[in-house]
Each structure stands twice: as C-alpha cells, then as structure tokens.
Amino acid sequence: MSSKVKVEAPSRSSSKETIVQMVGITKRFPGVVANDHIDFDIRSGEVHALLGENGAGKTTLMNILYGLYQPDEGEIYFYGQKVRIKSPKDAIRLGIVMSHQIFRQVLRFSIAENIALHTSLGLILSKKEIERRISEIANELGWDIDPNAKIYQLSAETRQKIEIVKALLYEPKVLILDEPTSLLSLQGKLELFKQIKRLKEKGLGIVYITHKLDEVLAISDRITILRKGKKVKVLNTSEATKEDLARYMVGRDVLFTLTKTPSKKKGKPVLEVKNLHVLGDRNEKAVNGVSFTVYEGEILGVAGVGGSGQRELAEAIAGLRKVKTGEIRILGENLTNANPRKIAERGVGFIPEDRLVKGLVPELDIKENLILRMYFKPPCRKGLFLDEDFIRKYCDEKICQYNIVAPDLSTKVKFLSGGNLQRLLLARETSWNPKLLIAAYPTFGLDVASTEYVRKLLLKLRDMGSAILLISEDLDEIMMLSDRIAVLYEGKLMGILNAEEATKERIGLMMTGTPKEKLPNKTDKDT
Amino acid sequence: MSRKVLRTLKSRKSILAIVAVVVIALIYSSAPTALGISTSTIDFYLNLTMIMATPLILPTLGEIIAELSGVLNLGLEGIMASGAAAGVVVAYTTQNAWLGLLASIFIGMCLALFFDIAVITFGADQIPTGLGLFFFGLGLSGVIGDPYAHKVLKYRFDKTPIPVLKDIPLIGKFLFSHDCLVYITLILVVFFYFLIYKTKIGLVIRAVGEDPGAADAAGHNVFLVRFICVIIGGALAGMGGGYLSLAFSPGWTAGMSAGRGWIAICLTIFSLWNPAYALIGGWLFGGIFATVFSLQGMGVPPRILLMLPYLLTLVVLALILIVTKGMKGAPSALGIPYSRE
C-alpha cells in the first residue's frame, strides 16, 4: 500500500521537489472501479506521463486532481500539506490547471470570451489585455490565432490549440495535458513539445496523459502506466522501450504491424460507384465526380487530407446523404439515394467517423444499440414484442466474442470508453459477415490493443470475402491493410494504386493534388 | 443598394424588427382612427401602451436572466399572482405602497427559492416543477388576497410625471408621465442590458447557460450562478405582480395577472434573450392591450377583444419558430440539469 507523505529531497542532478502527491486514490462508478488505490506524484521541472489504454482511468485520476470528481478513498497532498480539492476553483487556486481531452469551450463565444471566463485570470480583465496575452502565447508557439473568432467556426485542431493556450495563460505550478496532440499536425506537435520543454525548465510539473507510445518516449521523464484502473508500473523514460510499455499497458505482447495474406483472385464487384456527385453541409461540392469499384475479398483504402470528401462519400453510400448525380450500385442493384435500412438489409455495414453521433445512440444501453439493425425482425421480434431472452443471449455472445468490457448490458453506451464503443459498433456491423463494410477512421483515438484488434478483424473479414472500403488518415494503416489504395483530393479521385506500387511518397503527392498519371516514375529507391 | 445593407435587411432580426414595426404602426394607426384622430388620443394611447407593457417587461427580464443561466422557469404566472396579492396585503397593513412592493419582490424570491431547491439542488425536471410552481403561486395568491378582493387600494403608486421631460411631444406621454415603477422598469432594462453584455458577471451567466461544463472547468460555481439567477427572476416577476396591484389596478382581484406570466415566457423567446428586444416586445404587446382597452364599447364583441393579446402571442411564437427554424439563440443548456459525473 501507499507510504506516508515524503517530500523528495533534492537530488544531485536536479532540484525537483514534489508538488503533488496522490495517495491511494480510489474512484468507483456504477459497476466499475475507475481508479483502484492509485499513487501518483508530480515533481517540479518534470514531465510525468500517464500512460494507458482508453478506459484505463487516466482522465478520471486527473479529473479528481482538478476537482471535477471526488475520490471515494485516498488523499491528495500539495507541497506536503493535505488538501481537499472540491471543485476546479480550488485546483486553480492551488495553481493546478488542466487542458481537457474533450474541450471545455463555449461554442458560441469567441476565443477571447472563453479565455476571459477562466477565473484564474481574476475578475476584471480588459479585452485588450486578454487579446494581447493570447497573441503572446500563440506567437511563442508559432500558432496563428484570432482572438475574436467564434469557437464553432474553428477546426478541431485549432480548438485543441486553444485548450492548451488557455491552460498556459495562467502560469500554473502544475499543468495537466489530456491527450493534447490527438488533433494536431506534426508541426503543431513539435511546437507543443518545444513549449513543454520550456515550461519544464521554468519549474512546472507537467502531467502528460496519452496512449501514444511514441510521444511518451519523446517528451516524458517518468512514466506511470495504468491498466484497468490500477497502477501497473512506474519507470523512468530512459529505461523504457516501446515494446515494454505496450506490454505493461495491455498485459501481453502487442503487434504493431500486421501482415496480410496476398489477396485472392478478384471476386465479383460488390460496390460500384459511378460519377458520383455529393454536396456537403454547406452546399459545397464535396464529392466531385468519383468512380471506383470494390470487389469481393479486397480492402480498398481511401486516403486523403481531412475534408477531401471522404465523409460525404461514406455517408452517401450508406444512404445517409443525398446523392446529387451519379450512381451507386451494390451487388448490381442500384441503391443510389435508397433508404438506409434497405441498404443495410442488402448486406452493408457502416462504421462511421463520429461513433456516438451516427453510429451508436449514447442514451440507449448496450443491448439496445447492439440490436439496432435487427430489432424489427425475428428472431429479435416475437409478434408485437421483443424477445428479451434471445436478445440477452445474443448480446452476451457478442460481448464475449468481441471482448467488450462493460459492467452490464443495461449500461448506457455513453459511459463506454472509445475502444469499447468501437468494438460494439464492429460487433453490430460485422458479426453477420457483411458483403460490404464501410469503415471510416476505424482506429482513430483507439489505444494500441484496440487498434490491433480492429485491424485484425478487418483483415479477417476480407479473407472471408467481404468487400471493405477503408477510410483512414493513417497512411501506415492504409498501406498495411489495403489491397488497393484510392486517393481523394478536393472531392476528386486522383487515382487508384495497387498495394505493390504504392509508396508513402506517391500517396502523399496524390493527396496534395497530383493525379496518378502525372506521378513521377517509380524508382528503385522507393520503399 | 450595397451588399452589406441588403444582407442586414435580409437577416432574421431585421425581418422580425420590420414586422414588429409594421404591426405596431398598424395598431397605432387603427386606434386613433377608431376614436377620431387627435394628438391627445395618440398621447393617451402611447401612455397606456407603456403602462400595459410594464407588467410584461418585468417578468420577461427576470426570465431572461434565469434562462440565460440555463434554467427554464414556467412558474412566472404563479409568482406574479402571488406578488400582486402580497403587495396588496402588506400595503394595506403597513399603509405604505413601497413596503407592499418589497413584499411582492420578497415573495417572488421565496417562490423562486422553492423552485431552486427542487430544480438545482435536487435536479428535478424543470418543466413539471415550473407548472407546479404556477399552480401553487396562483392558489397562494387567492389565499392571501381574498380578504382584500375588490377593495380599492389607497396606498398606491401615483403618477409622477417628470417635469420638463413630460412635455416633449409623443415621447413625453410615452415614457415620462408615469409612476415610479415604470421608470424603475426602464432603468432595469438598461441595467440588465449592460450587465449581460458588458460585464464579466454577464459573461459567466451566459457561459453557465450555454456550456456549464466549460464554465465549471474554468472555476465557476454553476449551481450558485443558476441559483441566484432564478431568484433574481423571481424577484422581478414578483415585482411585476406588485405593479399590477399597487399601481395599475390598484387593488387585488382574483386572476388579475391574466396570463401575463405566460406572455412573458413567449416574450423571452421573442426577445432572443436580449433585454433591449424585451422592451420592444413589451411595447408590442402593451400596444395590443392598449388597443383592447381603447376599443371597448366600440361595438367590437368583448370576448373577441379579450382574445387578442393571446392570439398575438400564438402568432408571434409561430412566426419566431418559422423564421428562426427552432429556438435559435436559446442558451444551449437550457432546461438541462448539470452534473459532473
């Protein structure tokens, strides 16, 4: 169990004192122990990474430190003094500031108004002063931010930057960063890391919550790994390897790359898209004359910069978005603008990008979400009613098969972690061997183990004969899983490459507007 | 015309404003025609409009504050009724109209407190609780007020026209020839406008109603902010009721609030949660009430006349929903209890 409080004596190499010590923290939610007697400490001038799978308890632990949750057991010490943090106000007063994974920003307000809202900045602060300080920090980070822009107008990446700027404005003693890079570009990440190093030198204690191993190895000094709510290991980063970390996180060895069997002979065409034109939410041309075919037993990867029309394409095929002109045929049948249920009944599964918006219903429970495709027909339906026995048996089976971790079948889906949500979706959309599966960003935001699981599943489905349309921004993933790769740019198809002839450079060129015909010839140097 | 002017003209607010102005102009033009054109009649009409507007503007201001913080209080009618009754009782007993007014405000705050405890402390569903408050307030008003029914109140707010200002044509009679409470109401409109849009307190209130999670993470006490806003709302609604019984009628009659609390709820939406528009909306509906009054005995069937304000309420609400396609502008967290876990 935890030891008594001790303030770290200054070591020879650095004068790191312990700012925060969390001892024996336990937090229970109905049916699950999110934090199980966890000890965690934060030292000044140090980046302490909190690593774990989705749902391991990292955000919960830091929410407790920030006053958003109250622990059921355990104590928190601040510079050796026991404290009770009852709300974010208390945390802020101590100098603990948090940048959240799910952004805490008022959409309707401007950036300046959101920042003015933060109590750490005092009650009275002139608009000019706020704008000046925002620009100051943004410039240091190399980010271009207009303080008067309204949040709902901004991209997800910009919003993530603002979340970080918000935390930095008040020079805190402890800075908690929760998944700060999930939406940042490579450039943005590097700038952020630079800033974190600077803050470290100033003596801040920084907590870096993530499930990304590369980042942990790059930026942290110490690593605490959580697994299923328990603290599994604490180690210095210098002593850690990627494989070790993955093993601690998951409890077994994890495959980072998968090899697929060579594709069988081309089966019959399952999905035929002909000269498709689809409009986006702002009536812009999102899909602009795209044609391609996906065959039985193959994975067609769709690569492209975000906003190239992938989302609209996927929604149009699934029947969720109106097709302006063009044709979609599934197994020979013209299903353009057909009712989504009809399309689903023809054997089409859809894993959408926003899982809790277009895939699962957050307020319904696991049972109800699992039978969403089939509740209206037997065997789920027995006359006028639902066959509860069958449903329960069916759900238990799926939960087992797909390793979904949940306390109870009647848990509302909104409480599940990202990895489990995805498994739930997959269970529903693939367990009956779909003829066509549209998977949009299926591993986005998932931890190592869940990612491995999803990729293995996609390959298995392909081997069993499903046609899969895989949309992803992860080029490694696309290249790992796809038999052929299509690239979209501004709604137009730049071309389709076979897996053998595809390289990151060629795909990259196509993603930025070079059509396949105009690509420079492949040389032996290409990997 | 320049594109910017065209865009402004086509915007939703402009359409609503133009419609409102046209309707007001029609009302204003019809009333004098019915009675014969004369400036004194127009003056009288404007004066009456402001008087009729005041008991609508006050509860609307209160509900705007409450709803901006995210709480939907449907009990306004009940609070107004109780405020009216309490005002009369205390005014009689203490022989002082101002004390009566304080009583109206106080009972409004008490009723709001009950509502707060149910809805914020215990997270009860705001709509049925509001309706319950309405019934309770209405019944309470009868219990308190019955002994004083139909008695004319001596201790009341008399008209106190402001010297010099009262002689300005049109505006003089419209704004400056009233009792104190009307002046206070106008001041309150300006006050709340500045509070909501120009101060940090207003920013916090709006944040709490828009995204309580963000306000919480920024360090504000969402529950306390909502608690206080609802009480302010109750105070203002109570004051509106007090105005009815201490200045308007004066005296207490059963059912004297006549659905004004409900009209105020419609006005809250109509005003897009903005005190300035609440004032304009108040004048619009005040004008209808004034028309109803003026046309009495002119041959229009009385029951049709009585129906007009409420008919207008329906028309306005329908227009709003059609033009803005749903309650655009509503605080996003309106009606949703907040919890962290």
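No value in this document is a laboratory result; all are computed from the given coordinates. Everything numeric in this text was worked out from a predicted model, so none of it was measured. Don't worry about glycine lacking a Cβ; one is built from the backbone with ideal geometry, like all the others, and counts go over all protein chains shown.
If you count, for each residue, the other Cβ atoms within 10 Å and average over each peptide, how do A:24-30, B:217-223 line up from highest to lowest?
Final packing ranking: B:217-223, A:24-30.
Name the residue, out of B:Ala86, B:Ala149, B:Ala247, whose mean-square fluctuation peaks in a Gaussian network model built on chain B with Cα pairs under 10 Å.
Among B:Ala86, B:Ala149, B:Ala247, the largest mean-square fluctuation in the Gaussian network model of chain B belongs to B:Ala149.
Please name whichever of B:Met109, B:Ile18, B:Ala66 sits farthest to the positive end of the charge dipole of chain B, dipole taken about the Cα centre and charges placed at Cβ: Lys and Arg +1, Asp and Glu -1.
Farthest towards the positive end: B:Ile18.
At a 10 Å Cβ-Cβ cut-off, how would you order A:Met510, B:Met256, fewest neighbours first? Spell out each step's value before the answer.
On the way: A:Met510 26, B:Met256 22.
Lowest count first: B:Met256, A:Met510.
Within 11 Å, Cβ to Cβ, of A:Gly495, how many net charges do the neighbouring residues add up to if Lys/Arg are +1 and Asp/Glu are -1? Could the numbers behind the result be given before it?
Values: positive: A:Arg484, A:Lys492, A:Arg506, A:Lys516, A:Lys518; negative: A:Glu501, A:Glu517.
Taking every Cβ under 11 Å from that of A:Gly495, the sum is +3.
Using modelled amide H (1.01 Å from N, peptide plane; none on Pro or chain starts), what sits under 5 Å from the amide H of A:Asp41, excluding residues fewer than 5 places away?
Counting only residues 5 or more places away or on other chains, the set is A:Met22.
Distance check, please: which entries in A:Lys414/B:Lys200; A:Lys358/A:Lys382; A:Lys268/A:Lys492; A:Lys412/A:Lys460; A:Lys189/A:Lys456; A:Lys242/A:Lys516 exceed 31 angstrom between their Cα atoms? It would help to have the intermediate numbers written out before the result.
Details: A:Lys414/B:Lys200 34 Å; A:Lys358/A:Lys382 27 Å; A:Lys268/A:Lys492 25 Å; A:Lys412/A:Lys460 29 Å; A:Lys189/A:Lys456 29 Å; A:Lys242/A:Lys516 36 Å.
The pairs that break the limit, which is 31 Å between Cα atoms, are A:Lys414/B:Lys200; A:Lys242/A:Lys516.
Please work out whether the range B:129-174 counts as rounded, prolate or oblate from its C-alpha gyration tensor, where a ≥ b ≥ c are the square roots of the eigenvalues and a/c under 1.5 means rounded, while otherwise a/b larger than b/c means prolate and anything else oblate?
On the way: a/c = 5.33, a/b = 2.07, b/c = 2.57.
Cα axes put the range B:129-174 in the oblate bin.
Take peptides A:379-392, A:73-86 and line them up by average Cβ neighbours within 10 Å, highest first, as a rough protection proxy.
Details: A:379-392: 12.7, A:73-86: 15.1.
Ranked from most to least packed, the peptides come out as A:73-86, A:379-392.
Using Cα positions and a limit of under 17 Å, work out the lysines in reach of A:Lys230, with same-chain residues fewer than 8 apart set aside.
Straight-line reach from A:Lys230, under 17 Å: A:Lys27, A:Lys58.
Let me make sure I get this right: for chain A, a, b and c are the square roots of the gyration tensor eigenvalues over alpha carbons, sorted descending. Under 1.5 in a/c it's rounded, otherwise prolate if a/b > b/c, else oblate. Which is it?
Values: a/c = 1.81, a/b = 1.50, b/c = 1.21.
Because a/c hits 1.5 or more and a/b exceeds b/c, chain A counts as prolate.
Could you tell me what percent of the DSSP beta bridges with both partners in the protein assembly as shown are antiparallel, to the nearest 5?
Working: 48 of 86 bridges.
About 55 percent, rounded to the nearest 5.
Rounded, prolate or oblate for the range B:193-306? Axes are the square roots of the Cα gyration tensor eigenvalues, ordered a ≥ b ≥ c, and the cut-off for rounded is a/c under 1.5. Display every interim value, and only then the final one.
Working: a/c = 3.22, a/b = 2.31, b/c = 1.39.
Because a/c hits 1.5 or more and a/b exceeds b/c, the range B:193-306 counts as prolate.
Cross-link candidates for A:Lys260: which aspartates and glutamates have Cα within less than 19 Å, leaving aside residues fewer than 8 places away along the same chain?
Those aspartates and glutamates meeting the cut-off are A:Glu296, A:Glu298, A:Glu452, A:Asp463, A:Asp474, A:Asp476, A:Glu477, A:Asp483, A:Glu500, A:Glu501.
Averaged over B:219-231, how many beta carbons belonging to a partner chain fall within 10 Å of each residue's beta carbon?
Numbers: counts 14, 6, 4, 1, 1, 0, 0, 0, 0, 0, 0, 0, 0.
The per-residue average across the peptide is 2.
Please give me the summed charge of the neighbours of B:Gly251: other residues whose Cβ is under 10 Å from its Cβ, Lys and Arg +1, Asp and Glu -1.
Details: positive: B:Lys151, B:Lys154, B:Arg156; negative: none.
Local charge sum for B:Gly251: +3.
By per-residue mean of other Cβ atoms within 10 Å, what is the highest-first order of A:165-178, A:189-202?
Values: A:165-178: 21.5, A:189-202: 15.7.
Descending packing order for the listed peptides: A:165-178, A:189-202.
Would you mind checking which residues have amide H under 5 Å from A:Leu276's amide H? H placed 1.01 Å from N; only 5 or more apart, or other chain.
Result for A:Leu276 returns A:Gly289, A:Val290, A:Ser291, A:Glu327.
So how do B:Thr93, B:Thr41 line up by other beta-carbon neighbours within 10 Å, fewest first?
Details: B:Thr93 13, B:Thr41 16.
By the 10 Å Cβ count, ascending, the order reads B:Thr93, B:Thr41.
Count neighbours as other Cβ atoms within 10 Å of each site's Cβ, and list the GluC sites (Glu not before Pro) in the range A:255-329 that are DSSP loop with at most 15 such neighbours.
Working: sites: A:Glu272, A:Glu284, A:Glu296, A:Glu298, A:Glu312, A:Glu315, A:Glu327; in loops: A:Glu284, A:Glu296, A:Glu298.
Answer by residue number: A:Glu284.
Give me the net charge for the shell around A:Lys382: Cβ to Cβ below 14 angstrom, other residues only, Lys and Arg +1, Asp and Glu -1.
Working: positive: A:Lys377, A:Arg381, A:Arg392, A:Lys393; negative: A:Asp387, A:Glu388, A:Asp389.
Result for the neighbourhood of A:Lys382: +1.
Reported to two decimal places, what Rg/Rh ratio describes the range B:23-324 when computed on Cα atoms with Rh from the Kirkwood expression? Kindly include the intermediate steps, with their values, before the conclusion.
Working: Rg = 19.1 Å, Rh = 19.6 Å.
My calculation of the ratio gives 0.98.
For a quick check: with amide H placed at 1.01 Å from N, whose amide H comes under 5 Å from A:Arg227's, ignoring anything fewer than 5 positions away on the same chain?
Distant-sequence amide H within range of A:Arg227: A:Val232.
Arrange B:Ser69, B:Ser14 by Cβ neighbour counts within 10 Å, fewest through most, would you?
Least crowded to most crowded, the residues run B:Ser14, B:Ser69.
Summarise the partner chain shielding of A:102-111 as one whole number: the mean count of Cβ atoms from other chains within 10 Å of each residue's Cβ. Write down the numbers at each step before the final one.
Numbers: counts 2, 4, 8, 6, 14, 4, 7, 6, 0, 0.
That works out to 5 on average.
Chymotrypsin sites (Phe, Trp or Tyr not before Pro), restricted to the range B:112-165: which are DSSP loop and have at most 12 other Cβ atoms within 10 Å?
On the way: sites: B:Phe114, B:Phe115, B:Phe122, B:Phe134, B:Phe135, B:Phe136, B:Tyr148, B:Tyr155, B:Phe157; in loops: B:Phe122, B:Tyr155, B:Phe157.
When the chymotrypsin sites (Phe, Trp or Tyr not before Pro) of the range B:112-165 are filtered for loop state and at most 12 Cβ neighbours within 10 Å, B:Phe122 remain.
Please average, across the residues of B:206-216, the number of beta carbons from any other chain that are within 10 Å of each residue's own beta carbon, and give a whole number. Don't skip to the end; give the middle numbers.
Details: counts 5, 8, 2, 1, 4, 10, 2, 7, 12, 6, 6.
If you average over the peptide's residues, the count of other-chain Cβ atoms is 6.
State, to one decimal in nm², a quarter of the convex hull surface area for the C-alpha atoms of the range A:269-518, i.e. the direction-averaged projected area.
That works out to 13.4 nm².
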